[in-house]
Structure formats: structure tokens, C-alpha cells
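**Student:** Please find one structure pasted underneath; my questions will follow.
Read-outs throughout are calculated quantities, based only on the coordinates presented, and are distinct from any laboratory measurement. The model shown is predicted, which means the values in this text are computed figures rather than measured ones. Counting neighbours? That spans all protein chains shown, and the Cβs are built from the backbone with ideal geometry, glycine included.
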Amino acid sequence: MRKLLSVVVWTLLCCSLSIQEDIFTSIGQMTDLIHTEKELVQSLKEYILAEESKLAAVKSWANKLDSLTQVSSSDPEGFLAHPVNAYKLMKRLHTEWSQLESLVLQDPSEGFISNISTHRPFFPDQEDEKGAAKALMRLQDTYQLDSESFSRGKLPGLHSNVLLTVDDCFDMGKTAYNDGDYYHSVLWMQQALRQLDMGEDSVASKATVLDYLSYSVYQMGDLPRAIELTLRLVALDSGHQRAGANLRYFEQLLSKQLTEVKQSELTSFEEPIQIGTYARPKDHLPEREVYEALCRGEGVQMTEKRRSGLFCRYHDGNRNPRLLLRPMMEEDEWDSPRIVRYLNALSHDEIETIKQLAKPNLARATVRDPKTGVLTTANYRVSKSAWLEGEDDPVVARVNQRIEDITGLTVRTAELLQVANYGVGGQYEPHFDFSRRTFDSNLLVDGNRLATYLNYMSDVEAGGATVFPDFGAAIRPKKGTAVFWYNLFSSGEGDYRTRHAACPVLVGNKWVSNKWIHERGQEFRRPCGLTPGN
């Protein structure tokens, strides 16, 4: 049974790893891991049944031999006086005990170990778990979710029984701690401690959680709270290796700030540390607050007067033959810059075909380094993408033609159809689609990205909006629709108002495809303006 337990524990440790920043950025590919885990669980059940069958057979042998030896050992000579008993003793010791030895030495785990060894190369690793933890913290920040709500499965518009244990919360906090992110370490270690105080069992001890939490609070500059937590740690484990020294150090620092420390001045531990208790550290993104507010559905700036100027209409692409009998339904999403949405731009069958074509080629999405022009991965773009040519399938060719018909722009110089799938916390922070480099060798042939045509290929339960922080537009994904806007003025100058972002996916599976349409070939389709800004 000890061997069985060790195998089961090892298996659960492997299978409980979260999904990495390379794997988890695509829900479409993560589904393969679900099927893998299901297969491993079935294999584990078969192993347990085989082990139980083996133990039942051994137990049967033990019961039979126990009864027999009780009789034989009570009067050995009398027992062996019967020749049959003497013969059966010889037979048991020579043959049957050898059979029992073989039975005990049988290893029912071979099939299971072979199965798991086959799948192990595709398992997530430590970096994967770290990436998934960071994704949850990103969602926590963007949608202002407290750790307790997250832990109890209470997400906006969703209440589920998917819970985080003490050890889950502790591991989240430890990931942040090891990254020097004491802000999130405080939030998650506090939640782990809260659940421990409620009596939940865990591998992580309360003393360990307090050790991490007290130091993280100290790093956030809250000495009174750090002292309070360290005092609790010392009371719990008076021989703790670091607690005593930390306590003296914290008190010395505090004494420099206060002439006299009174117990009443210490922060009460009963007051939980929530989002907002400490200032969230600033990062690289200047419009962080505006961007995240739009993701939450806040801060839309269009007035009712401007909104009254938005209309819906039938669009036939200037009497394009392919749209005359079945014009597109066009809706205004924003007036300036003009953003429009097309309804029924993709059918369900077309979407499924595009997804199946893209899945085998999905790879971590890249961005172009603004200094070097080299494509690279970045933490601010978390998704997986693939590129499809018109020659790949008639559906792709048909979609390309439809984009040309709707926009009136040629797609001969456009980039390939890019398909993207966002996973846990998948996002693309505010960026421009057009290039701002004065000299870009990538634009010499076909020019800059004139316009963006974006297909939504799935609904998203929560999060995942396309937002424009400069003027406050927030466009929600709706399966089968597409949105379109120009990135450049007719003068060829970049429209800096079109800086936009893909909000993190909170709940759901977000699929999009987009076409970046370049300048070349549009000379008579969208004539140049005479003045900048037109």
C-alpha cells in the first residue's frame, strides 16, 4: 500500500500542475490536456483495481495459512504424524510459497507507469505553473477581484464550485514572493491564512504562511502589521529560526519612526488585507487605470448626443455584385475615429473550419520590438496565433474575398489571415497596429497597416473586450461579427487614437481572426488626403 500511495501522490503532483505561459495562452490546445488527464485517471483506476485484486489474493493466502499454522503449531509432531500433512507441508514450502512470492513481486503499476511516461513530455512544468499563477493575478488586478472571491469561485456573472485550497493560495503567494511581487504575495498569503484560521487542512503550516506574509507586509512598508504578524508567528512557534530576529529588526525600524510604540497603534490583524490596503506598484503602462476600467465596463465617454448619431444600415460595398442580393448589416460602434461592426460576417461552419485549420499551427503570439524590429514574445501579449493563406482552404479564400468586398480595399497586399486563441488571462495590452518607426524595412514593399478587420469567432462569458483607452470605446466579442477601423488617416499619418487592447479573458474561450490591410494597392480605393490628419 505504501508503494501504491507513493505512485498516486506522484501522479497527482504531476497532473495538478497548471498551464504554462506557452501552453495556457491557448484554450484550444489546453483541451488536449483535459483528454490526457482523463486517460491518465482511467489508467490510474485500472492500476488501483489490479493492486486491490493482488492484495485480495495475498490476504486470502494469509487467512488460509494463518488457520493452518495455528493447527500445526499447537502440536507439531502430532500434526506431522499424518503423512498427508507432512506431504502438504513440503508442497507448500516448495511450491505454494514460491507462487505467493511471485504474486507479491508482481507489479500492476507497469501499465500505468508506461502510460504516464508516454504523456509526461507534454506535461506542464514549473514555468507553466508560474505563468498560470501570474494570469490569475492579472485577472485579479484588471477586474478588481479580491482573493477570497477568487478562492470561492465567485467571479463576475459566474458562481461555481471551483475552489482554491489553502495550498493553492499559498502556492500563488509563493510564486509572487519569489518574483519579488510582495503586493500579490500579501493578498494570497492572507487568503491562505484566512482559510487556515477557518480550520481547512493543508500541507503548508500556519507558521510557514505567517513567515512569508509577515515579510511581504514588511516589504510593503507596513511595519506595525509586520510586527503583529511576527508576534503571532512567535507565539505559534517560539523556536522559529527567523521570527525572533525579524521581530527585533522590525521593532528597531519602527522605533526610528515612532518615539513610542503603543499596542493600539498596531494594525489589528482581524482587519483582512484586501485589494486597496496597499498601493499597487506602478508598471510600464501609462494608461493602466483607464485600460482596466474599460475592461470592467467602466469609463465609456460617449455622450447621449453623440450616441444618437450612431446608426445601423445595410452595406452593399458600393454595389458590389457579391453583396447586392445579400448586403451586410453594418452598425456604428464609434463615430470618431469611425469603428463599425458587421453582423453575420462569419457562419458557424466557417468559424469551425478556420479553428480546425489553425489549431495544429498555434504558437505563442509575437510582437515587433520597436527598437530592433525583431519579432519576439512579450508578457503584454498573451495568446497563441496561427497564419492562414487563401490556398490553405476554400473557406479562407472566401473569407479573404468577403473582407475585400466589405471594406472596398484590396487584400492582395494584406497580411495573411491571423487566427488567435486566448487562454487563462489571455490579453494584448494597449498597442498600435500601425508601425511608428520612421524607417521599417518590413513596410518598404506594401506600406504601413492602413486598416484592421477583426472577426470575433466566439462569445466570451466575461472579459475579453476590445478597448480603445484614448477615447473610451469598449467593444464586446460577439460570435460571427466583425469590426473594422482605419489605423491611418488618408494622409498616411498614423491615427494615434486607435491605440487599443484586448482585455484579459476572465471566463471563456476567445477566438478571433484578423486581417491587417496595407497601403499599397489602395491608391484608387482610398485616395490620399492633401493635409495631415485627414
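**Student:** Which value, in debye to the nearest 20, describes the size of the charge dipole of the chain about its Cα centre when Lys and Arg Cβ atoms bear +1, Asp and Glu Cβ atoms bear -1, and nothing else is charged?
**Tutor:** Computed about the Cα centre, the dipole is about 1000 debye.
**Student:** So, by mean Cβ neighbours within 10 angstrom, what's the order for 161-172, 184-195 with the highest one leading?
**Tutor:** Highest mean packing first, the order is 184-195, 161-172.
**Student:** Related question: What are the ³J(HN,Hα) values, in whole Hz, obtained from phi via the Karplus relation 6.51 cos²θ - 1.76 cosθ + 1.60 with θ = phi - 60°, for each residue of the stretch 416-422 in sequence order, with x given for Gly and Pro?
**Tutor:** Going residue by residue, I get 4, 5, 9, 10, 10, 10, 9 Hz, with x marking Gly and Pro.
**Student:** Per 0.36 nm of contour for each residue apart, how much would the distance between Gln106 and Asp197 grow if the chain were fully extended, relative to their Cα-Cα spacing? Write out the running numbers ahead of the final one.
**Tutor:** Details: separation 91, 0.36 × 91 = 32.76 nm, distance 4.52 nm.
Here the segment from Gln106 to Asp197 would lengthen by 28.2 nm.
**Student:** According to a simple spin-label model (label point 7 Å from Cα along Cα-to-Cβ), what is the distance in nm between Ser308 and Met329?
**Tutor:** 2.5
**Student:** Hey, if you put +1 on the Cβ of every Lys and Arg and -1 on every Asp and Glu Cβ in the chain, which of Gly157, Val234, Gly472 ends up farthest toward the positive end of that dipole?
**Tutor:** Gly472
**Student:** Can you bin the stretch 403-523 into rounded, prolate or oblate? Criterion: square roots of the alpha carbon gyration tensor eigenvalues sorted a ≥ b ≥ c, rounded for a/c under 1.5, prolate for a/b above b/c, oblate for the rest.
**Tutor:** prolate
**Student:** I'd like the Karplus ³J(HN,Hα) series for the stretch 503-508: coefficients 6.51, -1.76, 1.60, θ = phi - 60°, whole numbers in Hz, and an x wherever there's a Gly or Pro.
**Tutor:** Per-residue couplings from phi come out as 5, x, 7, 7, 9, x Hz.
**Student:** Angle between the Cα long axis of helix 166-178 and the longest principal axis of the chain, 0 to 90 degrees, nearest 10?
**Tutor:** Helix 166-178 sits at roughly 60 degrees to that axis.
**Student:** For P(r) over Cα pairs in 10 Å bins from 0, in percent, several values are listed as (1) 3, 15, 25, 24, 17, 9, 4, 2, 1, 0, 0, 0; (2) 3, 14, 20, 18, 15, 12, 8, 5, 3, 2, 1, 0, 0; (3) 3, 14, 22, 24, 18, 9, 4, 3, 2, 1, 0, 0; flag the one computed from this structure.
**Tutor:** Checking each listed value against the structure points to (2).
**Student:** Before rounding to the nearest 500, sum -39500 (n - 2.57) across all DSSP H runs of length at least 4 in the chain and divide by the residue total; then give [θ] at 222 nm in deg cm²/dmol. Numbers along the way, then the final one.
**Tutor:** Details: 18 runs with 230 residues, N = 534.
Result for the chain, helices only: -13500 deg cm²/dmol.
**Student:** Moving to a separate point now. Using 1/(1 + (r/R0)^6) with R0 = 60 angstrom and r between the beta carbons of Glu298 and Leu55, what's the FRET efficiency to the nearest 0.05?
**Tutor:** Calculated value: 0.50.
**Student:** Next question, about the same structure. Applying 1/(1 + (r/R0)^6) with R0 = 56 Å to the Cβ-Cβ distance of Glu493 and Lys256, what FRET efficiency is obtained, to the nearest 0.05?
**Tutor:** Values: r = 56 Å, r/R0 = 1.00.
The formula returns an efficiency of 0.50 here.
**Student:** Order of 200-208, 93-101 by packing, highest average Cβ count within 10 Å first?
**Tutor:** Ranked from most to least packed, the peptides come out as 200-208, 93-101.
**Student:** Okay, next question. Holding the Cα-Cα limit at 31 Å, pick out from Lys154/Lys305; Lys45/Lys174; Lys38/Lys64; Lys154/Lys174; Lys359/Lys478; Lys38/Lys130 the pairs that are longer than that.
**Tutor:** Lys154/Lys305; Lys45/Lys174; Lys38/Lys64
**Student:** Amide H neighbours of Trp334 under 5 Å, at least 5 residues apart or on other chains, H built in the peptide plane: list them.
**Tutor:** HN-HN under 5 Å from Trp334: Ile339.
**Student:** Taking Cα atoms, how many degrees apart are the long axis of helix 27-74 and the longest axis of the chain, rounded to 10 and kept between 0 and 90?
**Tutor:** 0
**Student:** As I understand it, the value is the acute angle between the Cα axis of helix 206-219 and the longest principal axis of the Cα atoms of the chain; what does it come to in degrees, rounded to 10?
**Tutor:** 30
**Student:** Given the options Leu49, Tyr456, Thr498, identify the residue whose Cα lies farthest towards the positive end of the charge dipole of the chain (+1 on Cβ of Lys, Arg; -1 on Cβ of Asp, Glu).
**Tutor:** After comparing all options, I get Thr498.
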